[in-house]
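The values are calculated or read from the model by the stated rules, or taken from the named source; none is laboratory data. As the structure is a computational prediction, the values presented were derived from the model and not from experiment. FYI the Cβ positions are ideal-geometry reconstructions off the backbone, even for glycines, and counts take in every protein chain you see. Only protein heavy atoms, including side chains, enter the accessible area calculation; ligands, DNA and RNA are left aside. Shrake-Rupley method; radii C 1.70, N 1.55, O 1.52, S 1.80 Å.
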Amino acid sequence: MSRIDHCCIIELPRVTDPRGCLTFIEANRHIPFKIRRVYYLYDVPGGAERGGHAHKALHQFIVAMSGSFDVVLDDGIQKKRFHLNRSYYGLYICPMIWRELDNFSSGAVCMVLASEFYDESDYLRDYNAYLATLGLK
């Protein structure tokens, strides 16, 4: 089984009533890690791409809070594209997976829950270096 097979869409709980819907996320219950950081992307210009890196140790959970976008995951062997467009679904990404985000709709908001505080040394920003780290180059 490749590492990309560990990444998956997770459906989050939804509480609905005539006043609207509520979704919640609990660490180590709905997602497989403790949340140490939350950030979000917004006002992404049409045609722009985000991501373009992998993390050595960081786990992430990505949710389209508004609008839609695609996440392309790559483990050096295979690639898989996920279209996120519902605020009650999120994409779990395990460490050592290259990710690129594209195809942002107008008004899209991408929320990311992360397992660690920001640490630049955890990033692999060069794809060839990423492949070399995996022993594939």
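For region 73-89, the candidate set comprises residues that are more than 19 Å from residue 129 (Cβ to Cβ) and not hydroxyl-bearing (Ser, Thr, Tyr); within that set, the residue that is most open to solvent (accessible area, probe 1.4 Å) is 81.
Inclusion of residue 92 among residues that are at pLDDT 95 or above, among the hydroxyl-bearing types (Ser, Thr, Tyr), open to solvent by 10 Å² or more (accessible area, probe 1.4 Å) and closer than 19 Å to residue 5 by Cβ is warranted.
Selection of region 117-137 for residues being open to solvent by less than 40 Å² (accessible area, probe 1.4 Å), assigned to a helix (DSSP H, G or I) and more than 23 Å from residue 39 (Cβ to Cβ) yields only 131.
Residue 105 falls short on exactly one of the conditions (1) open to solvent by less than 50 Å² (accessible area, probe 1.4 Å); (2) hydroxyl-bearing (Ser, Thr, Tyr); (3) under 12 Å from the mean Cα position of the chain (by Cα); (4) farther than 15 Å from residue 6 by Cβ, and that condition is (3).
Evaluated against (1) out of contact with any Leu (no Cβ under 7 Å at 6 or more places or on another chain); (2) farther than 30 Å from residue 15 by Cβ, residue 50 falls short on exactly one condition, (1). A Cβ distance below 6 Å, combined with a sequence gap of six or more or placement on separate chains, defines the contacts here; from region 1-27, residues that are farther than 21 Å from residue 72 by Cβ and among the hydrophobic types (A, V, I, L, M, F, W, C) reach residues that are open to solvent by 90 Å² or more (accessible area, probe 1.4 Å) and assigned to a strand (DSSP E or B) in the pairs 15/22; 21/14. With the condition kept exactly as written, say whether any residue in region 90-100 is of a type in the set (A, V, I, L, M), under 29 Å from residue 131 (Cβ atoms), touching a residue at least 60 places away in the same chain (Cβ under 8 Å) and not in a loop (DSSP other than H, G, I, E, B). Looking for residues that are of a type in the set (A, V, I, L, M), under 29 Å from residue 131 (Cβ atoms), touching a residue at least 60 places away in the same chain (Cβ under 8 Å) and not in a loop (DSSP other than H, G, I, E, B), one finds at least one in region 90-100, hence yes. For region 106-116, residues that are within 25 Å of residue 36 (Cβ to Cβ) and part of a loop (DSSP other than H, G, I, E, B) total 3.
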